[in-house]
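Remarks on the structure that follows.
The values are calculated or read from the model by the stated rules, or taken from the named source; none is laboratory data. Computed from a predicted model, the values in this text were never measured in an experiment. So basically every Cβ, Gly included, is an ideal-geometry build from the backbone, and we count neighbours across all protein chains shown. Just so you know, the surface numbers come from the protein's heavy atoms only, side chains and all, with ligands and any DNA or RNA stripped out. Shrake-Rupley method; radii C 1.70, N 1.55, O 1.52, S 1.80 Å.
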Amino acid sequence: MDANLKLNDLVAVGTHNSYKSGMPDAVMDVIRATAPGWADEIDYRHRPLSEQLDAGIRQLEIDVYSDPDGGRFLDPTVLHAAGIALDPARTAALAESGFKVMHVQDVDIFSSCATWKACLGIVRRWSLAHPHHAPILIMVNAKTDPAPQPGGVDALPFDTTAFDALDREVRAVFPSDALITPDDVQGAYPTLREAVLAGGWPTLGQARGKLLLALDEGPDKVAVYRGNRRSLEERVFFVNTDENSPAAAYLTINDPVADGDRIRKAVAAGFIVRTRADAGTFEARRNDGSRREAALASGAQFISTDYFWPEPRFNNDYQVRLPDDAAVMCNPVRAADRCEGRPVETANPAGRAYLSPKLAPDGLAY
């Protein structure tokens, strides 16, 4: 498998807004009183990043806010309305300079790791402890939204300076030999897209123990991040773009029902795609697996969910996992008949411990 599969021949399950912790009841009461529909959409939570990785998650999503001076998000308006205060550890983290991690400033601010550096550090330590893991994708949203409430704080824009700093923070935590970058894939090809279409992704063996990152943003922010580059030379992140861009390698295509054909064609061509099995708590509340099944069949290499574990409050068993507690399997579009149904990587069924793959004499994981 290590020699004969490439990174884009895999499929794994990931989490959406992976850092997001549950909000205190007092905060949810305030949100439900003013925006009950939205309250349902954001009423989900994830376990700590290391626990997710232990259980077999191989794609994480992190929202980052620029805060070069520190302290910009220290006074969330929702806490005043709820009559509660920030805990000392979160206060100290938010006071630091650098990128902050949260869903919506002033409102949905409870994260299992409050800073970008802290989140990266968790993943790095886990990776070092499990050096043979399949590659992990971290998707990033660069948040620039205005204040969601009167008296709140606007997010700062992401300009070239901010994106340069974001790259630097990644490289400060992950050395080059622990990353898969656009330059690694492009190699000697004129553009990243040409490399991808020619099979330029690394093999599974070359990608084990490594991280790749993708900027999950629209054309305007992607253009700022690329600058005048032909593709993504010297950048850390792959970018969400269309299939015809010189920088095309990674695509966010979030609706596997409406866009299933596009996903399959993109995957067959060589691109890496992330899609979503559920959104806004809708499918989980109704125990509706139709979008999940479309995502699993689409060929998207990374399938994101808010429900790797069922939510007990919904009184149903909705969840999104690969069969037989696999962490990674062969891609159903690119490599359906190449692994004989065997997992590429396995995880403990209880989600408590990661099991490194063992190799049989024929090189297959078992």
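Observations, loosely collected:
- Flag for Leu74 being farther than 27 Å from Leu179 by Cβ, in contact with a Leu (Cβ under 7 Å, 6 or more places away or on another chain) and assigned to a helix (DSSP H, G or I): no
- When residues in segment 266-294 are screened for being within 20 Å of Asn315 (Cα to Cα) and either under 19 Å from the mean Cα position of the chain (by Cα) or among the basic types (Lys, Arg) (or both), 9 of them pass.
- A count restricted to segment 40-76 and to residues that are touching a residue at least 60 places away in the same chain (Cβ under 8 Å) and at positive phi stands at 1.
Listed here are the residues, each with its yes/no results for (1) within 26 Å of Phe302 (Cα to Cα); (2) touching a helix residue (DSSP H, G or I) at 6+ places or on another chain (Cβ under 8 Å).
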| site | (1), (2) |
| --- | --- |
| Gln59 | yes, no |
| Asp63 | yes, no |
| Ala89 | no, no |
| Met102 | yes, no |
| Cys113 | yes, yes |
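- Residue identified as aromatic (Phe, Trp, Tyr), surrounded by 15 or more Cβ atoms within 10 Å (Cβ to Cβ), in contact with a Lys or Arg (Cβ under 8 Å, 6 or more places away or on another chain) and at pLDDT 95 or above among Phe174, Phe163: Phe174
- Hey, Ser97 open to solvent by 60 Å² or more (accessible area, probe 1.4 Å) and not acidic (Asp, Glu) or not: yes
- Segment 307-343: number of residues that are in a helix (DSSP H, G or I) and open to solvent by less than 70 Å² (accessible area, probe 1.4 Å): 2
- Only one of the listed residues (Glu96, Glu51) is acidic (Asp, Glu), touching a Lys or Arg at 6+ places or on another chain (Cβ under 9 Å) and under 20 Å from Val170 (Cα atoms). That residue is Glu96.
- Segment 77-86, residues that are touching a residue at least 40 places away in the same chain (Cβ under 8 Å), surrounded by 17 or more Cβ atoms within 10 Å (Cβ to Cβ) and not polar (S, T, N, Q): Val78, Leu79, Ala81, Ala82
- Some residue of segment 58-68 being surrounded by 23 or more Cβ atoms within 10 Å (Cβ to Cβ) and in a helix (DSSP H, G or I): no
- Filtering segment 260-290 to residues that are touching a residue at least 12 places away in the same chain (Cβ under 8 Å), closer than 17 Å to Gln301 by Cα and of a type in the set (Asp, Glu) leaves only Asp278.
- Residue match in segment 206-219 (condition: free of Cβ contacts under 8 Å to residues at least 24 places away in the same chain and basic (Lys, Arg)): no
- Of Asp106, Asp67, Asp87, Asp63, all but one fail to be in contact with a Pro (Cβ under 6 Å, 6 or more places away or on another chain) and either closer than 19 Å to Lys210 by Cβ or not aromatic (Phe, Trp, Tyr) (or both); the exception is Asp106.
- Restricting attention to segment 176-209, the residues being among the aromatic types (Phe, Trp, Tyr) and within 20 Å of the chain's Cα centre (by Cα) number 1.
- Residue count for segment 12-39, restricted to those that are without any contact (Cβ under 8 Å) to a residue 60 or more places away in the chain, surrounded by fewer than 16 Cβ atoms within 10 Å (Cβ to Cβ) and not acidic (Asp, Glu): 7.
- Filtered by the rule that a residue be within 22 Å of Val140 (Cα to Cα) and touching a strand residue (DSSP E or B) at 6+ places or on another chain (Cβ under 6 Å), segment 183-209 gives a lone residue, Trp201.
- Qualifying position, being outside any helix (DSSP H, G or I) and modelled with pLDDT of 95 or more, among Val140, Val123: Val140
- Taken as a whole, the condition of being in contact (Cβ under 8 Å) with a residue 60 or more places away in the chain and either within 21 Å of Val185 (Cβ to Cβ) or of a type in the set (D, E, K, R) (or both) does not apply to Val153.
- Here is the figure for segment 117-137: residues that are under 30 Å from Pro68 (Cβ atoms), more than 17 Å from the chain's Cα centre (by Cα) and in contact (Cβ under 8 Å) with a residue 24 or more places away in the chain total 1.
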